[in-house]
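Input: a single structure, listed below in structure tokens.
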Amino acid sequence: MLGSEILVEALEREGVDTIFAYPGGASMELHQALTRSKKIRTILPRHEQGGSFAAEGYARATGKAGVCMATSGPGATNLVTAIADAYMDSVPLIALTGQVPQAMIGRGGFQETDFFGMTLPVVKHSYLITNIADIPRIVKEAFHIALTARPGPVVIDFPKNIQQQKAQPVWPKEVPLRGYSPTIHADDLALNEIIGLIEKADRPVLYCGGGIITANAAEELRQFAETTQIPVTTTVMGCGAFPETHPLSLRWLGMHGTAFANWAVSGEFKHRSGPAEPMVKVQDGADLLLALGVRFDDRVTGKVEKFCETGTIVHIDVDASELNKNKKVQLAIESDIRYALRRLNEMIGKRPIRKKFTAWHERIAEWRSRAPLRYQVTDEVMKSQHMRDHLQGKEDQVILPQMVVELLYELTKGEAILTTGVGQHQMWAAQYYKFKFPRQFLTSAGLGAMGYGYPAALGAKVACPERQVIDIDGDGSFLMNVQELATAHIEKIAAKAIILNNQHLGMVVQWEDRFYKGNRGHTYLGDPENMQQIYPDYVAVCKAFNVPCERVMYKRDLRGALQRMLDSDQPYVLDVVTPYTEHVVPFIPAGYTVADMIY
Ligand SMILES: Cc1ncc(C[n+]2csc(CCOP(=O)(O)OP(=O)(O)O)c2C)c(N)n1
Ligand SMILES: [Mg+2]
């Protein structure tokens, strides 16, 4: 077999059914081999970044490894953002790249880049194939490493001359890796200590992250929360790890999380107007925080010393390097989360916890009713020049972005898979859609990569053709991978997109308003010489790609338009014109505390 054929068969043996691959000189041998595969569907994205985000969407929607491929040099460098994204959000991604022939490596040959070196800080592992006999082992190892323990991206760089060599492959059954033992189980002693801490606590909170979803531990978490009656907040990565419709759910916490989740974790404080003022506590927050599969990201903690300052913190994670990294905790346990929760559930089954935390639940209920997620149509919005330009006398018909997500939630009965770009729309998507199951909300959380939404929706739709997959996007983010409309149309992938089109880089505008007196630093995306026009004209753009698109301006048209989009069996875009004056609240500015929260 040719080296290229060995690689393709190795992928088949790993159960790969889809690869997002863009060809070039150093990878066309591999494409030739792919044309002969009966098991793998090769999807041609229109940009390698789109292909790699699509592979991530596939991976996040399924838990299987997503696979993308590019040629050497510029093809490979176009994969870097998705690799970094997969690294930050622990997504199993296999990134295959063609490389110049071995004899050319290091000579600055045409389209040579040291991709192995370039990606080192953002991979879980990487390979440069130097011997054809290694291909079966390398591919098997790559999938094993990408998928086990804390998942992540693995790069396989493949020189062209080896693709063209011939050998008889030997397929390994297992790939034992010295120093890598992905099965990590907490010991009973530590878990027993958790039960003791719960029995002593009055105000416990569960703080759960993407680790619950990767470990397939959502069911165990639900059982644990219900038997202990401990309220649950998640991170954005953890959306769907615990049903957000559940009475114990506090939704997600952090910079734009719910006020009640932030108070439950860190306590309620009198609002202060600046960090120079003292923090005046109104009510205590958690006295016990069980942090499961999280990494105390700064968008969650704000000023980390003030995060759950007075509570005992227990942290369980499969990756020991996360323990005591951002926040020093009282009990750090290295373990597979699912194992730990199962074992805790068994222990509690034998020796039930008697506490009911009634007073704590009452306090949370009061917080919840005092500061729900909410929005309103203000005079400021209706009178804004932007709205007068576009709505021309029908300003009372203005569509706020939050309304769109809320109505989508209603029309899809909370069953759709959502992807997003990065910005205000991403936060509103996470706030106003209630996620019920794992792998339902696919977003570039840690890296925050604009352009993620639509390609990721393509990947998710390929993986889950029977589900509605909808990208809630910003006008700025959508434009960054707009070329993937071609992939959607040609490959018949019926992923939908709703552009919350505020004609601005809204999230940056929000920061300009708060911290730079509203001075606009290149955050307007429309045409300054013709501000009445919505620019670019997405209806015309979509027409060029043969993708149906509607523009929605007025509230009275929204429901019908959303329904038409949902009823379509094709890719479909809704361009919804929204004001840019809305701010995402709650808001705890970066590095600030819960006492600084605007809500
Ligand atoms: C690739 C990339 N470039 C820049 C940024 C910085 N950034 C974060 S949010 C944002 C604005 C996004 O605008 P849009 O997609 O229209 O969303 P909106 O905030 O308006 O909803 C920018 C520029 C980023 N996150 N990613
Ligand atoms: Mg925008």
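Just so it is clear, none of the values below were taken in a lab; they were calculated from the coordinates. Here the structure is a predicted model, which is why all the values come from computation and not from measurement. For neighbour counting, all protein chains shown are included, and Cβ atoms are generated from backbone atoms with ideal geometry for every residue, glycine included.
Name the strands (runs of 3 or more DSSP E) wholly within the range 269-362 that hold at least 2 residues that are under 28 Å from the mean Cα position of the chain (by Cα) and farther than 20 Å from residue 185 by Cα? Write out each step before concluding.
On the way: elements: 281-283, 288-292, 312-317, 331-334.
Fully inside the range 269-362 and qualifying: 288-292.
Being surrounded by 13 or more Cβ atoms within 10 Å (Cβ to Cβ) and touching a Phe, Trp or Tyr at 6+ places or on another chain (Cβ under 9 Å) is the filter here; which residues of the range 367-382 pass it?
Initial filter on the range 367-382 (surrounded by 13 or more Cβ atoms within 10 Å (Cβ to Cβ)): 367-368, 371, 373, 375, 377-378, 381-382.
Answer for the range 367-382, where residues must be surrounded by 13 or more Cβ atoms within 10 Å (Cβ to Cβ) and touching a Phe, Trp or Tyr at 6+ places or on another chain (Cβ under 9 Å): 367, 368, 371, 373, 375.
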*Looking at the range 414-433, which of the residues that are free of Cβ contacts under 8 Å to residues at least 60 places away in the same chain and of a type in the set (Ser, Thr, Tyr) is farthest from ligand 2 (Cβ to nearest atom)?*
433
*Provide a single number: the residues in the range 49-102 that are within 24 Å of residue 298 (Cβ to Cβ) and of a type in the set (Ser, Thr, Tyr).*
3
_Exactly one of these conditions fails for residue 493: (1) more than 14 Å from ligand 2 (Cβ to nearest atom); (2) among the β-branched types (Val, Ile, Thr); (3) within 19 Å of residue 404 (Cβ to Cβ). Give me its number._
(3)
_Could you check the range 445-464 and list, in sequence order, the residues that are over 28 Å from residue 248 (Cβ atoms) and in a loop (DSSP other than H, G, I, E, B)?_
447, 448, 449, 450, 451, 452
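Scan the range 394-413 and give yes if some residue there is among the polar types (S, T, N, Q), closer than 23 Å to residue 567 by Cα and either free of Cβ contacts under 8 Å to residues at least 12 places away in the same chain or in a loop (DSSP other than H, G, I, E, B) (or both), otherwise no.
Of the residues in the range 394-413, the ones among the polar types (S, T, N, Q) are 397, 402, 412.
With the extra rule that they be closer than 23 Å to residue 567 by Cα, the set shrinks to 402, 412.
Checking the rest, the ones that are also either free of Cβ contacts under 8 Å to residues at least 12 places away in the same chain or in a loop (DSSP other than H, G, I, E, B) (or both) come to 412.
Checked the range 394-413: at least one residue is among the polar types (S, T, N, Q), closer than 23 Å to residue 567 by Cα and either free of Cβ contacts under 8 Å to residues at least 12 places away in the same chain or in a loop (DSSP other than H, G, I, E, B) (or both).
With closer than 20 Å to residue 52 by Cα, within 16 Å of the chain's Cα centre (by Cα) and surrounded by 24 or more Cβ atoms within 10 Å (Cβ to Cβ) as the only criterion, which of 456, 429 stands out? Give the steps one after another, and end with the answer.
Details: 429 fails: closer than 20 Å to residue 52 by Cα.
Residue meeting the stated conditions: 456.
Scan the range 467-486 and tell me whether some residue there is away from ligand 2 (no atom under 16 Å from the Cβ), among the charged types (D, E, K, R), closer than 21 Å to residue 405 by Cβ and touching a Phe, Trp or Tyr at 6+ places or on another chain (Cβ under 9 Å).
Start the filter on the range 467-486 by keeping residues that are away from ligand 2 (no atom under 16 Å from the Cβ), which leaves 467-470, 483-486.
Narrowing further to those that are among the charged types (D, E, K, R): 467, 484.
From what's left, closer than 21 Å to residue 405 by Cβ: 467.
From the residues that got through so far, the ones that are touching a Phe, Trp or Tyr at 6+ places or on another chain (Cβ under 9 Å) too are none.
No: the range 467-486 contains no residue that is away from ligand 2 (no atom under 16 Å from the Cβ), among the charged types (D, E, K, R), closer than 21 Å to residue 405 by Cβ and touching a Phe, Trp or Tyr at 6+ places or on another chain (Cβ under 9 Å).
Here's the yes/no breakdown for (1) touching a Pro at 6+ places or on another chain (Cβ under 6 Å); (2) within 16 Å of ligand 1 (Cβ to nearest atom); (3) of a type outside the set (Phe, Trp, Tyr):
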residue	(1), (2), (3)
499	no, yes, yes
502	no, yes, yes
506	no, yes, yes
513	no, yes, yes
529	no, no, yes
543	no, no, yes
547	yes, no, yes
554	no, no, no
